[in-house]
Amino acid sequence: MNIHEYQAKELLKKFGIPVPEGGAAYSLGEAKIIADRLGSYPVVVKAQIHAGGRGKGGGVKIAKSHEELDTYAGEILGMNLVTHQTGPEGKKVKKLLVEQGLKIEKELYLSIIPDRATAKIVIMASEAGGMDIEEVAEKSPEKIIRVSIDPLTGIQPYHCREAGFGLNLKPEPLKQFTAMLKNLYNLFTTYDCSQVEINPLIITADEKVIALDAKINFDDNALYRHKDIQAYRDIDEEDPLEVEASKFNLNYIKMDGNIGNMVNGAGLAMATMDIIKQVGAEPANFLDVGGGASAEMVENGFRIILSDKNVKGILINIFGGILRCDILANGVVQAAKKIGITVPVVIRMEGTNVDEGRKILSESGLNLITAVDLKDAANKVAAIVM
């Protein structure tokens, strides 16, 4: 789950990590109130959407007066902000972060992420702050510092020193950085984060270390432990079909193609999308109904897939284990009768009760296309939509 910058900074403050003073505004009037509370200019006006590259898209402005605040806040609030992460359709800005402007002496990059290959938590830092870390990694990989931490022992003072020395920090900023990094690690582990990123982490002219920007992502599988974090969810920033799918415990991600997919198991879903692309077609979605799906979940999955107007055909690829093939077949028939399936459906199924499942489908009277294997299924559905 993603959250907004202003929400991320609330968490940083909670863990004793310095951030600029400011607040979220949902209107021009609220933006003025926050600016007045800050007491001086310049102030920074930032669009709050779940995407990076806001500054390059015109979503971050520095206001040096009340007049400029009125202008910039009025321009950004309600704009359709397009960045490299939103895609060409962009996202509508419904809220702002208004915060104090600071005198920046140096910009740094800092993040904490899990490394699944080593089962460790990795601190990534760089003196090339304020830039996309992907660009730094491509052009100047030697500028990226990596410090690995065993989660069983946790962060130690030498980890903080290794990162701080790598950033060539002076004694006073190094002292602040060491305390801040320990707190940031505690935030990361406390809330089961999948990423904590500060870009840039700045050193001000008076040698204060402050998180000027913040991005935090959370492991969805651990959200049940964090009701306070669940309250940060902003469904306006999510695809409506993905929001609808989450209500039924369906794992759905919308894509740009025209072949809808229904699969049980994330790995099988990825393989299904790969083979669709191999035959020259494009998947319209990732939909994992899970191993324990019921007929009702299959029905809801169909309804969500068909809500995407780009879908011209559906490929069902099921390996019957916990989800038996006869249950899937009943779900398909139930969905067809209740909501009406208006596009061709290709079904490939194997596993538990496969003969029963095929019998249910053949006796249903529905116009369904069966396939002998996954490649056959992909070729048949591709031929339909191409």
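Observations on the structure shown:
- Annotation: residue 41 fulfils all but one of (1) buried (at least 16 other Cβ atoms within 10 Å of the Cβ); (2) touching a helix residue (DSSP H, G or I) at 6+ places or on another chain (Cβ under 9 Å); the unmet one is (1).
- Against the conditions (1) at pLDDT 90 or above; (2) more than 26 Å from residue 386 (Cβ to Cβ), residue 283 satisfies every one except (2).
- Taking every residue in segment 243-263 that is in contact (Cβ under 8 Å) with a residue 60 or more places away in the chain and pairing it with any residue that is among the hydroxyl-bearing types (Ser, Thr, Tyr), at least 6 positions away or on another chain, the pairs with Cβ-Cβ distances below 9 Å are 244/252; 244/307.
- Unmet requirement for residue 272, which otherwise passes all of (1) surrounded by fewer than 24 Cβ atoms within 10 Å (Cβ to Cβ); (2) in contact with a helix residue (DSSP H, G or I) (Cβ under 8 Å, 6 or more places away or on another chain); (3) in a helix (DSSP H, G or I); (4) modelled with pLDDT of 85 or more: (1)
- Total residues in segment 61-82, condition under 19 Å from residue 35 (Cβ atoms), surrounded by 18 or more Cβ atoms within 10 Å (Cβ to Cβ) and of a type in the set (Val, Ile, Thr): 1
- You will find that of 98, 122, the residue that is surrounded by fewer than 16 Cβ atoms within 10 Å (Cβ to Cβ), modelled with pLDDT of 95 or more and at negative phi is 122 and no other.
- The test for being closer than 28 Å to residue 196 by Cβ and not assigned by TED's automatic domain parsing to the domain that holds residue 253 does not hold for residue 88.
- Residue within segment 213-231 that is closer than 13 Å to residue 108 by Cβ and more than 21 Å from the chain's Cα centre (by Cα) present: no
Conditions tested, residue by residue: (1) crowded, with 17+ Cβ neighbours inside 10 Å; (2) of a type outside the set (D, E, K, R); (3) in contact with a helix residue (DSSP H, G or I) (Cβ under 7 Å, 6 or more places away or on another chain); (4) closer than 23 Å to residue 99 by Cβ.
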{"residue": "156", "(1), (2), (3), (4)": "no, yes, no, no"}
{"residue": "169", "(1), (2), (3), (4)": "yes, yes, yes, no"}
{"residue": "175", "(1), (2), (3), (4)": "no, no, no, no"}
{"residue": "198", "(1), (2), (3), (4)": "yes, yes, no, yes"}
{"residue": "205", "(1), (2), (3), (4)": "no, yes, no, yes"}
{"residue": "220", "(1), (2), (3), (4)": "no, no, no, no"}
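- Inspection of segment 137-159 identifies no residue that is of a type in the set (A, V, I, L, M, F, W, C), within 20 Å of residue 194 (Cα to Cα) and touching a residue at least 60 places away in the same chain (Cβ under 8 Å).
For every residue, the table says whether it meets (1) among the hydroxyl-bearing types (Ser, Thr, Tyr); (2) in contact (Cβ under 8 Å) with a residue 12 or more places away in the chain; (3) outside the structural domain of residue 252 (by TED's automatic domain parsing); (4) in a loop (DSSP other than H, G, I, E, B).
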site	(1), (2), (3), (4)
290	no, yes, no, yes
296	no, yes, no, no
303	no, yes, no, no
317	no, yes, no, no
338	no, yes, no, no
342	yes, yes, no, yes
347	no, yes, no, no
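- Residue in segment 109-127 that is more than 24 Å from the chain's Cα centre (by Cα) and free of Cβ contacts under 8 Å to residues at least 60 places away in the same chain present: yes
- Which numbered condition residue 12 fails, given (1) surrounded by fewer than 16 Cβ atoms within 10 Å (Cβ to Cβ); (2) in the same structural domain as residue 213 (by TED's automatic domain parsing): (1)
- Residues of segment 371-382 that turn out to be without any contact (Cβ under 8 Å) to a residue 40 or more places away in the chain and buried (at least 16 other Cβ atoms within 10 Å of the Cβ), as a count: 2
The values are calculated or read from the model by the stated rules, or taken from the named source; none is laboratory data. None of these values were measured; they are calculated from a predicted model. Please note: Cβ atoms are built from the backbone with ideal geometry, for glycine as well, and neighbour counts cover all protein chains shown.
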